[in-house]
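Written below as structure tokens is the structure these notes are about.
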């Protein structure tokens, strides 16, 4: 980033643990695939596919127990926003991003005030916005510097709107991330093609089914069953885009015993039937 605006999109993959580090720019992380524990500002947060999370300049952060985690990192200097910075900083979510200090978490518990779970039907839009910024910088057509700053402001506005719609006052113990939730995510990643029951997940954590479900929902704002379903749909989207497998075979490989049920659930989540999604993805 030696010339042009201090705005860039950096794809990354993390496995295991990444050293603690800091940088002089803002960073917004979008998780494309996998999951990881992330430490920043004294807070440990669980990041899964579809999450957006930001890190402030000078703030030390690291990835812990990253599991096949693919990311987009949007890095930028706030000065690139010019006069828009003050107006953006007054919006939900961005007020905390651009504030000089972060509020204390208190009592060893952390409020996930930076975390946004992007709905499945919005994830392609988020990835497209990030790719378009990367392409703008790469192509460097007339006015690319202006276009890049405009796209950055637009992305931050999208972040703020999703924040306003989705964030609540969840308070999550770090032990939940390390102990219960991470075990469930690992189990689902390995067994998603099988018939996963709440008793299976209960056995993985050593908790009763009801208590396990409450712990999981408090961390991810969705039930274990909802997560399993979303994980399977995400895997199905990948297979539809990268293989020639029939829709029935994709359904079978992602844990759906009935292709009609698979098609119905897929359309509810993505907005298109599997065959139509495949056709649009390859065009």
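The values are calculated or read from the model by the stated rules, or taken from the named source; none is laboratory data. Only a predicted model underlies this, so the values are computations on that prediction, with no experimental measurement involved. Cβ: placed from backbone, ideal geometry, glycine included. Neighbour counts: every protein chain shown.
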TODO: Output the residues belonging to the stretch 237-255 that are buried (at least 16 other Cβ atoms within 10 Å of the Cβ), touching a helix residue (DSSP H, G or I) at 6+ places or on another chain (Cβ under 6 Å) and under 21 Å from residue 50 (Cβ atoms).
DONE: 239, 240, 250, 254, 255
Open item on the list: Looking at residue 122 and the list (1) in contact with a strand residue (DSSP E or B) (Cβ under 9 Å, 6 or more places away or on another chain); (2) at pLDDT 80 or above, which single condition is not satisfied?
Closed with: (1)
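Yes or no, residue by residue, for (1) out of contact with any helix residue (DSSP H, G or I) (no Cβ under 6 Å at 6 or more places or on another chain); (2) modelled with pLDDT of 90 or more; (3) assigned by TED's automatic domain parsing to the domain that holds residue 34:
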| position | (1), (2), (3) |
| --- | --- |
| 185 | yes, no, no |
| 192 | no, yes, no |
| 208 | yes, yes, no |
| 222 | yes, no, no |
| 235 | yes, no, no |
| 257 | yes, no, no |
| 274 | no, yes, no |
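Yes or no, residue by residue, for (1) in a helix (DSSP H, G or I); (2) over 18 Å from the mean Cα position of the chain (by Cα):
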{"position": "234", "(1), (2)": "yes, no"}
{"position": "251", "(1), (2)": "yes, yes"}
{"position": "255", "(1), (2)": "no, yes"}
{"position": "263", "(1), (2)": "yes, yes"}
{"position": "269", "(1), (2)": "yes, no"}
{"position": "272", "(1), (2)": "no, yes"}
{"position": "276", "(1), (2)": "yes, yes"}
{"position": "279", "(1), (2)": "yes, yes"}
- [ ] Only one of these is buried (at least 19 other Cβ atoms within 10 Å of the Cβ), touching a residue at least 12 places away in the same chain (Cβ under 8 Å) and over 24 Å from residue 233 (Cβ atoms): 74, 84, 52. Name it.
- [x] 74
Open item on the list: I'd like to know if the stretch 165-179 contains one or more residues that are in the same structural domain as residue 90 (by TED's automatic domain parsing), closer than 23 Å to residue 82 by Cβ and modelled with pLDDT under 95.
Closed with: no
- [ ] Answer with yes or no whether residue 13 is out of contact with any strand residue (DSSP E or B) (no Cβ under 9 Å at 6 or more places or on another chain) and either assigned to a strand (DSSP E or B) or not assigned by TED's automatic domain parsing to the domain that holds residue 227 (or both).
- [x] no
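If I filter the stretch 213-224 for residues that are assigned to a helix (DSSP H, G or I) and over 25 Å from the mean Cα position of the chain (by Cα), do I get at least one hit? Can you show your working first?
The first filter runs over the stretch 213-224 and keeps only residues assigned to a helix (DSSP H, G or I), leaving 213-220, 224.
From what's left, over 25 Å from the mean Cα position of the chain (by Cα): none.
No, because not a single residue in the stretch 213-224 is assigned to a helix (DSSP H, G or I) and over 25 Å from the mean Cα position of the chain (by Cα).
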Open item on the list: Any residue at all in the stretch 155-162 that's at pLDDT below 95 and in contact with a strand residue (DSSP E or B) (Cβ under 7 Å, 6 or more places away or on another chain)?
Closed with: yes
